[in-house]
Every structure is written in C-alpha cells, then in structure tokens.
Amino acid sequence: MNLSLDFPDPKRDDSMNLSRRADLDAAIARLRAWLEEPNSPIRAIRHQPAKPGQFEDMPEGIAAPLRKVLDEKGIRQLYTHQAACFQSLAAGRNAVVVTPTASGKTLCYNLPVLHRLASDPEARAIYLFPTKALAEDQLHEFHSIVEAMGSGIRAFTYDGDTPQDARKAIRERANVVLTNPDMLHAGILPHHTKWTKLFENLRYIVVDELHTYRGVYGSHLANVLRRLLRICAFYGAKPQFVGCSATIANPKELAEGLTGAEFDLVDQNGAPAGERFFAFYNPPVVNRQLGIRRSYLNETRRIAAEFVTRGQQTLVFANNRLATEILLTYMKDACEKPPARQGSVRGYRGGYLPRERREIERGLRDGDIRAVVATSALELGIDIGSLDVVVMAGYPGTIASTWQRAGRAGRRLGTSLSMLIASSAPLDQYIVEHPEYFFECSPEHAHINPDNLEILINHLKCAAFELPIKDGERFGPHETGELCHFLEELGVVHHSGGSWHWISDSYPADAISLRSVTSDNFVVIDVTTDDRVIAEVAFPAALTELHEKAIYLHEAKQFQVERMDYDGRKAYVRRVECDYYTDAIDYTQVKILEQFDGRPLAGAEAAHGEVRVNRQIVGFKKVKFYTNENIGAGMLSLPEQEMHTTSFWLHFPAAFLETFTGLTPTEKLNALAGLGSAFRTVASLLLMCDPRDLGVALTEQISVEARGFEPNLHIYDNFPGGIGQSAPLYGLTAELIAGARALISQCGCESGCPGCTGPAGETGERGKQSALEILNVLAGAGPAAGEPLEPTPF
C-alpha cells in the first residue's frame with residue numbers, strides 16, 4: 001500500500017498561507033479516512049483542538065522603558081505561568097517552569113532579569129543552555145529587547161567559540177553571561193578570580209532546557225552547580241534560580257536535585273495553542289513469516305517528500321547521525337530534482353560547523369529552506385519559525401522527547417501535523433501498536449545520581465583547585481573529611497591551617513568531560529582540493545564514523561576516510577561518489593567486578609552489581625542506499641574502550657541449560673540473544689527510560705567448576721559510573737520476565753523478527769520458540785505466555 005495523501009493541486013493565488021492550510025487539511029482528512037480501512041498502516045490519530053490563552057496583567061513596578069518595549073512587541077499582558085514565575089522570584093524564591101514548546105518560557109526569566117538590571121545596573125546573571133546554538137539564539141532575543149530599551153545592559157555569549165581578545169571585556173563588563181555547563185565547569189569556575197564582578201553581584205542563575213540534564217550529564221551538572229554556589233558564598237552572593245523545562249514527570253524533583261535548593265513549581269500553562277494532529281504510522285509487513293516490514297527510512301522519505309512537494313515546510317527527525325545523513329540523501333534525491341531549487345533541503349546535526357547551523361536556522365525562519373532532516377539537535381527551543389509538519393523516523397526513545405519534537409510544528413498557532421513512523425525495533429512496535437500507552441501515560445522521570453562516587457570525587461578535586469576545602473565543610477550533602485583524606489592519598493591535596501589545599505600541577509577540570517567518557521572531538525579535514533575543516537565529531541561517534549575506509553556522510557555528500565590520526569584526533573577525508581554507506585561492527589565484553597545482591601530464579605540467578613564494559617570496533621559493512629543490501633565488509637582494529645558502570649544480569653548455570661534437552665547449544669545461545677533484545681525493550685518501559693540508556697551484552701563464560709558453558713545476560717547502564725537504573729531493574733525481575741514473555745508470544749511473526757527477539761537470520765529459525773521455552777521456566781508460576789502485555793504496569 002502506497003501512501004497517497006491526495007492533496008489538491010497547489011493553489012496559484014497570492015494567499016500562500018491559505019493554500020498551505022487547505023493542503024494540510026486535505027492531508028489530515030485523507031489520513032483519517034485511511035485509519036478506517038482494513039489493515040491500515042495508520043495505527044492512531046489524535047486531535048488536540050486549539051485553546052485560547054490565559055492572561056494576567058503586567059506586574060506593577062516594571063521599569064518604564066522595559067514596559068514600553070514589551071508594549072511595542074504586543075506584550076501587554078503576561079501568560080499566567082509567566083506571571084506566576086515573576087511573582088515567585090519577586091518573593092525571593094526559586095522557580096521552575098514546566099510548559100510545552102513555544103509557550104513563552106524565555107520571558108519567564110528575561111522579564112525578572114531585565115527588571116532587576118533596569119534598577120540595579122551592577123547586578124549580574126548567568127544563563128545556562130545545553131548547546132551553543134541555543135545560547136546564540138537567546139542572545140539575539142535578549143539583545144532585541146535591550147537595544148529597543150536604549151539601555152546600557154550588556155549581554156554576551158561565553159563559550160569555546162568566543163575569541164580570546166574578547167574574553168577579558170566580557171568578564172569585566174557583562175551583566176548577563178550566556179554559556180553552557182561545559183564552559184562554566186572548565187572555563188569560568190577554575191578562573192573565578194578573573195570573574196570577581198560577576199560572582200560578587202550574581203543575582204540570578206537561569207538553567208534552560210532543564211529536562212536535558214538527565215543521566216550522567218545531569219549528575220555532572222549538579223556537582224558543577226555545587227561548585228558554583230560554593231564560589232558564590234565565598235564572594236558573598238546568594239543568587240536565585242530559574243529553571244525552564246519541557247514536560248517531564250518530576251521537574252521540581254529534578255530542579256532541586258540539580259541545585260540543592262527548594263523550588264516553586266509553575267506548571268499551569270497559560271499560552272494559547274494551535275490545532276494539532278498526531279498520527280502513528282507502522283510500515284506494512286512485506287514478509288509475514290519473518291516479520292519484515294518496509295524500511296522505515298524509505299517510508300519516512302516517501303511521506304516527508306510528499307509533504308514538501310505540496311508546499312508544507314517540514315522537519316524530519318532521525319535518531320542518530322547515520323540515519324540523518326541517509327534520510328537527507330534520500331530527501332535531496334526526491335525533492336531537489338530540476339526544476340526544483342537546490343539547497344531547499346538541508347541537514348542539521350551535531351558536528352556541523354556553527355556557521356552552517358546558523359545559516360540553516362535562518363533559512364528555516366525565512367522560508368528559503370523547505371525541509372530539514374535533523375537529529376535531536378533541533379529538539380531544543382531554537383527559533384526556527386513556523387513549521388507545518390514534523391515527521392519522526394523512529395520513536396525517539398521517550399514520551400517526553402517525542403512531544404518535544406512534535407512541538408516544533410505549529411509554533412505560531414497554526415494547524416500542524418506530527419507523524420511517527422515506527423521502525424522494526426521492539427519498542428517502536430510496542431508504542432505504535434499500543435498508542436494508549438503513549439497518549440495516556442505521563443512523561444518519563446528524569447533521573448540523576450550526583451552522588452555517584454566517581455563523579456563526586458572528580459568534582460571535589462575541581463572544588464579544591466578553586467578554593468581550599470575547610471575542615472567540616474560540606475560539598476552538597478556530603479562531609480568532605482574522609483573524601484579529602486582519599487585525595488591526600490592520591491597526592492593532590494595537602495592539609496594545612498584547617499583547610500585542604502590543592503598541590504598538584506594538574507588542572508583537574510580538563511580531565512573531566514560532562515557529557516561522555518572523553519571530551520576530545522575529532523576534526524574532519526577534507527583534502528579533496530585543499531585541507532579544510534568541514535566538521536567536528538564527538539569521540540564515541542568518531543570510532544564508528546571516521547575509521548579508515550569509512551564513508552563519512554556530510555550534507556548528503558560522501559567522503560571516504562583515507563586516514564584516521566587517532567592520537568591527533570583528526571580524520572582526513574576525500575570527496576567520492578558512491579552508492580553505499582558504511583556501518584561499523586562492534587564487540588562488547590562485560591566483566592563482573594562486584595556483585596551487590598543476587599537471588600535464585602528457577603534454577604538460574606538474578607543479580608546486580610558493578611561491571612567493566614570493554615567495547616571495540618572490529619569491522620564494518622558496506623550497505624547500499626535504498627535497497628540496504630550488504631555489498632561488502634572490512635576488518636578493523638581500533639583501540640578498545642573501557643567503561644566502569646552498573647549492571648543487572650541473569651546468570652544461567654550449565655545445569656539449568658542442560659534441562660533444555662530439545663535445544664542444541666547454538667539454539668540455546670540464539671535464544672539468550674533473543675531474550676536480550678526483548679529484555680531491553682521491556683526494561684526501557686519499566687524504567688521509563690530511553691532504550692539507548694541501556695546496553696545489552698551476552699558473555700560467553702566457561703565455568704571451570706561446572707565444566708560447562710555458563711553465560712550471563714547483562715542489561716547495563718550505558719553511562720560511565722552508572723546512573724542507578726540497575727538496582728530498580730533487579731527489583732523488577734518478575735515484571736521484566738512477564739513482560740518479555742508477553743511481548744514475544746503476542747508477536748505475529750513465526751520465527752522471530754526485529755519487533756521481538758530480533759531477525760530470524762540472527763537468532764535462527766527456532767530462536768523465538770527457544771526464547772519462550774526459557775522464559776516459561778524462569779517465570780515459574782508467573783503469567784501464562786499468552787497473557788496480554790498491558791500498558792499499565794509499565
């Protein structure tokens with residue numbers, strides 16, 4: 001079945017907006033009709049009617065120049081959540097604002113900050129944004145108000161792109177510093193003596209896009225903010241916090257966990273909203289026996305291209321860099337054929353140079369760019385104007401992230417449409433076939449673990465470098481005495497005069513990356529004509545994208561990697577024309593370091609504890625565009641990467657496996673691999689987390705004592721040090737097994753498919769049945785294999 005949205009012909013009158021609205025209405029009507037057809041790939045459509053705004057009067061006492069500028073911008077009243085935030089801050093409290101995309105959150109912090117600066121020109125504020133692009137976007141918004149006021153208020157971005165000759169002036173003159181956690185951590189706090197005016201007069205700390213600070217990144221930020229507040233106390237400042245977040249389940253808990261302060265929760269959205277439609281699309285099955293569906297990337301391309309050719313400005317989201325570049329290639333092929341204008345379809349992801357990203361953002365706002373294929377980099381609140389349609393290639397991994405992406409359409413109150421195109425991944429299939437889970441469940445919790453010992457010790461080193469640690473001083477909730485004695489054993493601090501002083505020659509902040517195992521980016525250098533830098537790639541991604549002989553995709557152009565300088569963090573590429581891309585193959589080994597707890601489980605054992613994960617890129621395959629044929633492969637030997645984290649695992653003794661007399665050793669191994677695929681899906685639902693936060697590995701250990709094969713199936717935290725997901729999963733062992741049984745038994749395939757145990761070609765013809773046999777034994781007196789997998793428990 002081909003998607004045909006039956007648009008009317010584009011109208012040729014001057015009313016382009018009316019034409020676009022009519023075309024979009026026609027598309028929505030066609031989708032609704034299609035939903036009623038038998039075996040329709042449209043699995044659900046939800047309608048959110050437009051809603052009016054709720055307003056309150058502008059607070060009394062707002063500085064006259066500021067009130068005049070807001071009046072000229074048409075802001076004569078505040079939305080109720082903006083007014084509530086202002087009132088909390090005026091009363092001396094901290095506030096966290098949780099409302100949907102495009103609800104005016106920026107004014108929630110700009111208004112109180114500008115109000116304070118208008119009456120106190122010496123006051124200072126720090127704005128923290130997760131990306132440089134968002135900081136630049138918000139600086140433009142802030143400047144537009146300040147310039148119209150004719151005020152002397154000065155605001156600057158301060159990040160890795162800030163020229164060295166401008167930094168001294170910013171430190172001395174800036175009323176508002178717009179930066180990111182990485183720069184605050186490594187470029188501001190260690191040099192606080194150069195920022196005396198900022199810290200002595202700091203009145204507000206704004207943490208925007210609060211929901212992005214989850215997992216290891218959020219755990220690091222909480223410790224950075226502990227260091228920031230420690231320095232503020234040294235200079236006699238006690239700033240207030242303003243946090244802004246997209247919708248998550250625990251915004252107040254997250255804000256208080258990050259800052260250690262109490263917050264007022266502002267979650268009653270007063271902003272008006274345009275009419276929205278949300279459709280779920282599951283690509284048709286093309287091989288029922290193997291459970292194979294049409295390629296979700298090809299389906300995304302067909303659907304998005306039809307919207308674009310009919311005049312709808314469209315944003316396509318993909319879940320990783322490779323999928324983004326493949327989709328961009330497909331979209332350019334479909335939408336930029338002559339006489340169509342070249343450059344109307346662009347890509348947007350981390351790794352593009354800042355100049356390219358600013359150009360794309362401007363093109364979207366101006367309407368020159370008709371479609372963008374992006375990673376989560378465009379999920380955040382960068383102003384990209386009014387979009388008609390958002391198409392998501394695959395489930396983003398969380399309910400919160402999905403709504404955030406959908407909110408990028410219709411930002412200017414018009415009717416908008418969002419479509420989720422499900423991949424064959426088990427979680428995608430569960431979500432698209434159980435739409436009530438998505439639409440009726442609350443968004444996920446954002447978890448952090450700032451007391452992770454590895455993270456805590458690293459930031460305590462930074463704190464000691466910044467200021468001596470006094471006897472009896474606390475770092476967050478922690479007594480520092482025992483921790484400082486540990487640092488003394490490492491030879492980095494010395495006790496003298498009632499304080500612990502930093503004595504090492506090292507610069508501790510440089511050794512800590514807030515986001516990943518290492519902070520080193522690889523630079524991509526195009527040597528086709530002359531050497532020029534075309535991109536930056538983060539270290540973990542570089543190992544899979546920039547190995548020698550890889551095809552590196554950039555703006556739908558193919559470059560072959562000729563040489564990878566691992567030590568110099570550079571990759572040299574040359575422009576090529578080819579009909580394939582490369583996909584890296586990795587090998588992961590997990591070793592148990594310490595078991596925290598364990599219990600028997602029907603002859604097997606469930607446990608959790610600390611592990612070491614070793615991952616190595618061992619090869620790559622060449623995959624043809626459009627057909628996805630494997631047309632070649634190569635071997636690689638890149639340096640092994642090591643990570644300490646926490647894991648939940650099931651241990652299968654030889655005696656347990658020997659009871660399955662009808663299965664061969666290979667079938668037993670395939671069954672366990674299939675269980676790993678199902679467990680990862682169900683675990684992400686139970687924990688309400690992104691599946692990419694969880695790693696899965698099957699260790700092939702030989703037990704000398706038992707003289708047999710005794711594997712462990714690990715589900716581990718995919719972050720250094722762990723973020724506390726393994727212990728809860730251990731407590732949910734029974735639910736995990738019951739959910740996996742239901743997921744596999746209810747799947748309509750015969751021998752296993754990507755939606756349950758994985759493709760039959762990888763797990764064998766009996767992989768699905770073998771996995772169910774093992775689950776039935778593990779479940780013992782649990783639910784029957786055919787019992788439904790209800791959304792409620794997850």
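For the structure I just gave you, tell me whether Ala84 is of a type in the set (A, V, I, L, M, F, W, C), in a helix (DSSP H, G or I), open to solvent by 10 Å² or more (accessible area, probe 1.4 Å) and in contact (Cβ under 8 Å) with a residue 60 or more places away in the chain.
So Ala84 fits the description; yes.
Being within 24 Å of Ala249 (Cβ to Cβ) and small (Gly, Ala, Ser) narrows it down to one residue among Ala464, Ala511, Ala425; which is it? It would help to see each step written out before you state the result.
Values: Ala464 fails: within 24 Å of Ala249 (Cβ to Cβ); Ala511 fails: within 24 Å of Ala249 (Cβ to Cβ).
Only one candidate qualifies: Ala425.
When only residues in the range 295-332 that are among the small types (Gly, Ala, Ser) and buried (at least 22 other Cβ atoms within 10 Å of the Cβ) count, which is nearest to Cys578 (Cα to Cα)?
Ala318
Quick check: anything in the range 286-294 among the hydrophobic types (A, V, I, L, M, F, W, C), surrounded by fewer than 22 Cβ atoms within 10 Å (Cβ to Cβ), at pLDDT below 95 and outside any loop (DSSP other than H, G, I, E, B)?
First pass over the range 286-294, keeping only residues among the hydrophobic types (A, V, I, L, M, F, W, C): 286, 290, 292.
Among the residues that remain, those that are also surrounded by fewer than 22 Cβ atoms within 10 Å (Cβ to Cβ) are: 286, 290, 292.
Retained after the next criterion (residues that are at pLDDT below 95): 286, 290, 292.
Now restrict to residues that are outside any loop (DSSP other than H, G, I, E, B): 286, 292.
Yes, the range 286-294 contains a residue that is among the hydrophobic types (A, V, I, L, M, F, W, C), surrounded by fewer than 22 Cβ atoms within 10 Å (Cβ to Cβ), at pLDDT below 95 and outside any loop (DSSP other than H, G, I, E, B).
I need every pair where a residue in the range 489-500 that is open to solvent by 80 Å² or more (accessible area, probe 1.4 Å) has its Cβ under 9 Å from the Cβ of a residue that is of a type in the set (D, E, K, R), sequence separation at least 6 or different chains.
Leu490/Lys461; His494/Glu488
If you take the residues in the range 303-340 that are charged (D, E, K, R) and in contact with a helix residue (DSSP H, G or I) (Cβ under 8 Å, 6 or more places away or on another chain), which one is nearest to Lys557 (Cα to Cα)?
Looking only at the range 303-340, we keep the residues that are charged (D, E, K, R), and these are 306, 310, 321, 325, 332-333, 336-337.
Restricting the remaining residues to those that are in contact with a helix residue (DSSP H, G or I) (Cβ under 8 Å, 6 or more places away or on another chain) gives 310, 321.
Values: Arg310: 26, Arg321: 14 Å.
Checking each candidate, the answer is Arg321.
Could you tell me which of the residues Glu275, Glu256 is within 22 Å of the chain's Cα centre (by Cα) and open to solvent by 40 Å² or more (accessible area, probe 1.4 Å)?
Values: Glu275 fails: within 22 Å of the chain's Cα centre (by Cα).
Just one listed residue meets the conditions, Glu256.
If you take the residues of the range 428-450 that are in contact with a strand residue (DSSP E or B) (Cβ under 7 Å, 6 or more places away or on another chain) and not aliphatic (A, V, I, L, M), which of them is farthest from Lys252 (Cα to Cα)?
Taking the range 428-450 and keeping what is in contact with a strand residue (DSSP E or B) (Cβ under 7 Å, 6 or more places away or on another chain), we get 432-433, 435, 439.
With the extra rule that they be not aliphatic (A, V, I, L, M), the set shrinks to 433, 435, 439.
Numbers: Glu433: 32, Pro435: 28, Phe439: 22 Å.
Out of the qualifying residues, it is Glu433.
Between a first residue in the range 435-459 that is hydroxyl-bearing (Ser, Thr, Tyr) and a second residue that is surrounded by fewer than 22 Cβ atoms within 10 Å (Cβ to Cβ), which pairs have beta carbons less than 6 Å apart while being 6 or more apart in sequence or on different chains?
These pairs meet every condition: Tyr437/Pro791; Ser442/Ala249.
Looking for whichever is over 24 Å from Val285 (Cα atoms), modelled with pLDDT of 90 or more and crowded, with 21+ Cβ neighbours inside 10 Å here; the options are Leu685, Leu729. Which one fits?
Details: Leu685 fails: modelled with pLDDT of 90 or more.
Checking each option against the conditions leaves just Leu729.
Among residues belonging to the range 141-167 that are touching a residue at least 24 places away in the same chain (Cβ under 8 Å) and open to solvent by 50 Å² or more (accessible area, probe 1.4 Å), point out the one that is nearest to Leu210 (Cα to Cα).
First, the residues of the range 141-167 that are touching a residue at least 24 places away in the same chain (Cβ under 8 Å): 141-142, 145-146, 148-153, 157-161.
Cutting the leftovers down to open to solvent by 50 Å² or more (accessible area, probe 1.4 Å) gives us 141, 148, 150, 152, 160-161.
Working: Glu141: 19, Ala148: 29, Gly150: 31, Gly152: 30, Gly160: 21, Asp161: 23 Å.
Checked the range 141-167; the qualifying residue nearest to Leu210 (Cα to Cα) is Glu141.
Of the conditions (1) outside any loop (DSSP other than H, G, I, E, B); (2) in contact with a Lys or Arg (Cβ under 7 Å, 6 or more places away or on another chain); (3) crowded, with 19+ Cβ neighbours inside 10 Å, Pro283 satisfies every one except a single condition; which number is it?
Unmet for Pro283, out of (1) outside any loop (DSSP other than H, G, I, E, B); (2) in contact with a Lys or Arg (Cβ under 7 Å, 6 or more places away or on another chain); (3) crowded, with 19+ Cβ neighbours inside 10 Å: (1).
Go through (1) modelled with pLDDT under 90; (2) under 23 Å from Leu543 (Cα atoms); (3) touching a helix residue (DSSP H, G or I) at 6+ places or on another chain (Cβ under 9 Å) one by one and return the number of the condition Phe620 breaks.
The failed condition is (1).
Quick check on my filter: what residues within the range 747-789 are outside any loop (DSSP other than H, G, I, E, B) and either in contact with a His (Cβ under 6 Å, 6 or more places away or on another chain) or modelled with pLDDT under 85 (or both)?
Filtering the range 747-789 down to residues outside any loop (DSSP other than H, G, I, E, B) leaves 760-763, 767-779.
The answer is Ala760, Gly761, Glu762, Thr763.
Modelled with pLDDT of 90 or more, assigned to a helix (DSSP H, G or I), within 22 Å of Asn320 (Cα to Cα) and out of contact with any Asp or Glu (no Cβ under 7 Å at 6 or more places or on another chain): which single residue out of Arg680, Arg741 fits that description?
Working: Arg741 fails: within 22 Å of Asn320 (Cα to Cα).
Result: Arg680 is the single residue among Arg680, Arg741 that is modelled with pLDDT of 90 or more, assigned to a helix (DSSP H, G or I), within 22 Å of Asn320 (Cα to Cα) and out of contact with any Asp or Glu (no Cβ under 7 Å at 6 or more places or on another chain).
Scanning the range 124-165 for residues that are under 21 Å from the mean Cα position of the chain (by Cα) and among the hydroxyl-bearing types (Ser, Thr, Tyr), which turns out farthest from Leu178 (Cα to Cα)?
Thr131
Taking the range 437-477 as the region of interest, how many residues are open to solvent by 10 Å² or more (accessible area, probe 1.4 Å), under 30 Å from Ile45 (Cβ atoms) and not in a helix (DSSP H, G or I)?
5
The values are calculated or read from the model by the stated rules, or taken from the named source; none is laboratory data. Only a predicted model underlies this, so the values are computations on that prediction, with no experimental measurement involved. In this analysis, Cβ positions are derived from the backbone assuming ideal geometry, glycine residues included, and neighbour counts consider all displayed protein chains. What goes into the accessible areas is simple: the full protein's heavy atoms, side chains included, and nothing from ligands, DNA or RNA. Shrake-Rupley method; radii C 1.70, N 1.55, O 1.52, S 1.80 Å.
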